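Here the structure is laid out as C-alpha coordinates; the discussion comes afterwards.
The values are calculated or read from the model by the stated rules, or taken from the named source; none is laboratory data. If you're wondering where the values come from, they're calculated on a predicted model, not measured in any experiment. Reconstructed Cβ throughout: ideal geometry from the backbone, glycine too, with neighbour counts over all protein chains shown. The protein model used for the area step is the full one, side chains on, heavy atoms only, and it has no ligands, DNA or RNA in it. Shrake-Rupley method; radii C 1.70, N 1.55, O 1.52, S 1.80 Å.
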Amino acid sequence: MSNLKIVMASDHAGLALKQHLKPLLEKQGYAVADVGTHTPESTDYPDYAAEAGRRLAKGEFDRGIFICGTGTGIAIAANKIPGIRAAACTHEFLAEMSRRHNDANVLCLGERIVAPGLAEVLVQRFLATEFEGGRHARRVDKVKQLDRC
Ligand code: RB5
(Lines give C-alpha, C1' and ligand atoms only; values in the text may rest on other atoms or scores of the structure.)
Protein backbone atom coordinates (compact mmCIF):
# COMPACT_ATOMS: atom_id res chain seq x y z
CA MET A 1 0.00 0.00 0.00
CA SER A 2 1.20 3.51 -0.77
CA ASN A 3 0.38 6.86 0.75
CA LEU A 4 1.28 8.84 -2.37
CA LYS A 5 -1.34 11.37 -3.40
CA ILE A 6 -1.95 11.36 -7.13
CA VAL A 7 -3.72 13.88 -9.30
CA MET A 8 -5.12 12.70 -12.62
CA ALA A 9 -6.19 14.90 -15.52
CA SER A 10 -7.23 14.34 -19.10
CA ASP A 11 -9.04 15.81 -22.03
CA HIS A 12 -11.80 13.86 -23.82
CA ALA A 13 -9.19 11.87 -25.79
CA GLY A 14 -7.64 10.58 -22.57
CA LEU A 15 -10.82 10.04 -20.59
CA ALA A 16 -11.24 6.29 -21.13
CA LEU A 17 -7.65 5.48 -20.19
CA LYS A 18 -7.89 7.68 -17.10
CA GLN A 19 -11.07 5.89 -16.08
CA HIS A 20 -9.32 2.55 -16.63
CA LEU A 21 -6.30 3.47 -14.49
CA LYS A 22 -7.95 5.33 -11.60
CA PRO A 23 -9.68 2.37 -9.88
CA LEU A 24 -6.56 0.23 -10.27
CA LEU A 25 -4.55 2.87 -8.41
CA GLU A 26 -7.20 3.23 -5.72
CA LYS A 27 -7.19 -0.55 -5.23
CA GLN A 28 -3.45 -0.27 -4.51
CA GLY A 29 -4.08 2.30 -1.80
CA TYR A 30 -3.18 5.50 -3.64
CA ALA A 31 -5.29 8.55 -2.87
CA VAL A 32 -6.38 9.70 -6.33
CA ALA A 33 -8.06 12.95 -7.33
CA ASP A 34 -9.41 13.44 -10.84
CA VAL A 35 -9.70 17.10 -11.85
CA GLY A 36 -11.44 16.24 -15.12
CA THR A 37 -12.55 16.11 -17.75
CA HIS A 38 -15.36 13.84 -16.66
CA THR A 39 -17.38 13.62 -19.89
CA PRO A 40 -16.59 12.61 -23.49
CA GLU A 41 -17.43 16.05 -24.92
CA SER A 42 -14.56 17.67 -26.80
CA THR A 43 -12.48 19.84 -24.52
CA ASP A 44 -9.02 21.48 -24.30
CA TYR A 45 -6.12 19.66 -22.64
CA PRO A 46 -4.34 22.84 -21.39
CA ASP A 47 -7.27 23.55 -19.06
CA TYR A 48 -6.80 20.25 -17.21
CA ALA A 49 -3.01 20.38 -17.29
CA ALA A 50 -3.21 23.84 -15.69
CA GLU A 51 -5.63 22.87 -12.93
CA ALA A 52 -3.86 19.64 -12.00
CA GLY A 53 -0.35 21.02 -12.52
CA ARG A 54 -0.87 24.09 -10.34
CA ARG A 55 -2.30 22.02 -7.51
CA LEU A 56 0.56 19.52 -7.76
CA ALA A 57 3.15 22.31 -7.81
CA LYS A 58 1.54 23.81 -4.67
CA GLY A 59 2.12 20.52 -2.84
CA GLU A 60 -1.44 19.25 -2.72
CA PHE A 61 -0.32 16.04 -4.46
CA ASP A 62 2.88 14.01 -4.87
CA ARG A 63 2.61 12.92 -8.50
CA GLY A 64 0.44 13.50 -11.55
CA ILE A 65 -0.82 11.28 -14.33
CA PHE A 66 -2.04 13.38 -17.24
CA ILE A 67 -3.57 11.88 -20.38
CA CYS A 68 -4.56 13.22 -23.79
CA GLY A 69 -4.70 11.61 -27.23
CA THR A 70 -0.95 11.47 -27.76
CA GLY A 71 0.48 12.54 -24.40
CA THR A 72 2.27 15.37 -26.20
CA GLY A 73 -0.10 18.32 -25.83
CA ILE A 74 -0.82 17.77 -22.17
CA ALA A 75 2.93 17.36 -21.47
CA ILE A 76 3.77 20.60 -23.29
CA ALA A 77 1.08 22.44 -21.33
CA ALA A 78 2.07 20.92 -17.97
CA ASN A 79 5.73 21.81 -18.45
CA LYS A 80 4.79 25.51 -18.66
CA ILE A 81 3.86 25.42 -14.99
CA PRO A 82 6.74 26.21 -12.61
CA GLY A 83 7.59 23.16 -10.53
CA ILE A 84 6.24 20.66 -13.02
CA ARG A 85 8.52 18.18 -14.76
CA ALA A 86 6.26 16.19 -17.06
CA ALA A 87 7.46 13.27 -19.15
CA ALA A 88 5.43 11.75 -21.99
CA CYS A 89 6.31 8.06 -21.94
CA THR A 90 5.60 5.19 -24.31
CA HIS A 91 8.13 2.69 -22.96
CA GLU A 92 8.89 1.25 -19.54
CA PHE A 93 12.48 2.47 -19.74
CA LEU A 94 11.33 6.05 -20.32
CA ALA A 95 8.99 5.90 -17.34
CA GLU A 96 11.78 4.58 -15.12
CA MET A 97 14.45 7.02 -16.29
CA SER A 98 12.10 10.00 -16.06
CA ARG A 99 12.07 9.30 -12.32
CA ARG A 100 15.67 8.13 -11.75
CA HIS A 101 17.40 10.90 -13.70
CA ASN A 102 14.85 13.70 -14.20
CA ASP A 103 12.76 13.51 -11.01
CA ALA A 104 9.68 13.85 -13.20
CA ASN A 105 6.58 14.50 -11.13
CA VAL A 106 4.05 14.03 -13.93
CA LEU A 107 3.67 11.03 -16.23
CA CYS A 108 1.91 11.88 -19.48
CA LEU A 109 0.26 9.17 -21.55
CA GLY A 110 -1.44 9.11 -24.94
CA GLU A 111 -4.59 7.04 -25.02
CA ARG A 112 -4.33 6.76 -28.82
CA ILE A 113 -0.73 5.51 -28.53
CA VAL A 114 -0.46 3.36 -25.43
CA ALA A 115 -2.70 0.31 -24.87
CA PRO A 116 -4.26 -0.04 -21.41
CA GLY A 117 -1.99 -2.91 -20.39
CA LEU A 118 1.17 -1.00 -21.26
CA ALA A 119 -0.22 2.11 -19.57
CA GLU A 120 -0.60 0.10 -16.35
CA VAL A 121 3.04 -0.98 -16.56
CA LEU A 122 4.23 2.59 -17.23
CA VAL A 123 2.25 3.94 -14.29
CA GLN A 124 3.54 1.27 -11.90
CA ARG A 125 7.13 1.88 -12.97
CA PHE A 126 6.74 5.65 -12.68
CA LEU A 127 5.22 5.48 -9.20
CA ALA A 128 7.62 2.85 -7.84
CA THR A 129 10.88 4.45 -8.99
CA GLU A 130 12.83 6.90 -6.85
CA PHE A 131 14.97 9.82 -8.01
CA GLU A 132 18.67 8.89 -7.88
CA GLY A 133 19.93 12.35 -6.87
CA GLY A 134 23.72 12.80 -7.03
CA ARG A 135 24.88 14.29 -10.33
CA HIS A 136 21.28 14.24 -11.52
CA ALA A 137 20.25 16.59 -8.70
CA ARG A 138 22.62 19.23 -10.06
CA ARG A 139 21.01 18.92 -13.49
CA VAL A 140 17.47 18.95 -12.16
CA ASP A 141 18.37 22.06 -10.11
CA LYS A 142 19.41 23.73 -13.37
CA VAL A 143 16.08 22.70 -14.89
CA LYS A 144 14.31 24.22 -11.88
CA GLN A 145 16.17 27.49 -12.44
CA LEU A 146 14.57 27.67 -15.89
CA ASP A 147 11.23 28.09 -14.12
CA ARG A 148 12.44 31.60 -13.27
CA CYS A 149 13.41 32.60 -16.83
C1 RB5 B 1 -7.42 15.96 -29.18
O2 RB5 B 1 -8.00 15.62 -30.40
C3 RB5 B 1 -5.91 15.79 -29.25
O4 RB5 B 1 -5.36 16.72 -30.12
C5 RB5 B 1 -5.30 15.90 -27.89
O6 RB5 B 1 -5.86 14.96 -27.04
C7 RB5 B 1 -3.80 15.66 -27.80
O8 RB5 B 1 -3.46 14.48 -28.45
C9 RB5 B 1 -2.94 16.78 -28.18
O10 RB5 B 1 -1.72 16.71 -28.05
Non-local residues with an amide H under 5 Å from the amide H of residue 10, with H modelled 1.01 Å from N and Pro and chain starts lacking one, are 36, 37, 67
Measure nothing but the geometry: give the 0 to 90° angle between the long axis through the Cα atoms of 45-57 and the longest principal axis through the Cα atoms of the chain, rounded to 10°.
50
With -39,500 (n - 2.57) per DSSP H segment of 4 or more residues and division by the full residue count of the chain, the 222 nm estimate, nearest 500 deg cm²/dmol, is -13500 deg cm²/dmol
List 26, 130, 96, ordered by accessible area with a 1.4 Å probe, largest first
130, 26, 96
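Nearest-5 percent of antiparallel DSSP beta bridges in the chain?
Once the DSSP bridges in the chain are tallied, antiparallel ones form about 0 percent.
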Residue-normalised accessible area of region 1-43, given per residue in Å² at a 1.4 Å probe:
48
Which value does Rg/Rh take for region 1-126 over its C-alpha atoms, Rh per Kirkwood?
0.92
Between residue 58 and residue 139, what length in nm is gained on full extension when 0.36 nm per residue of separation is reduced by their alpha carbon distance?
27.0 nm
Using only the alpha-carbon atoms, how far is helix 15-27 inclined from the longest principal axis of the chain? Give it as 0 to 90 degrees, nearest 10.
70
For a quick protection proxy, order the peptides 115-124, 42-51 by their average other-Cβ count within 10 Å, most packed first.
42-51, 115-124
Computed Rg/Rh of region 43-90, alpha carbon atoms with Kirkwood Rh:
0.92
Starting from the Cα-Cα distance between residue 33 and residue 16, subtract it from 0.36 nm times their residue separation and give me the gain in nm to one decimal.
4.6 nm
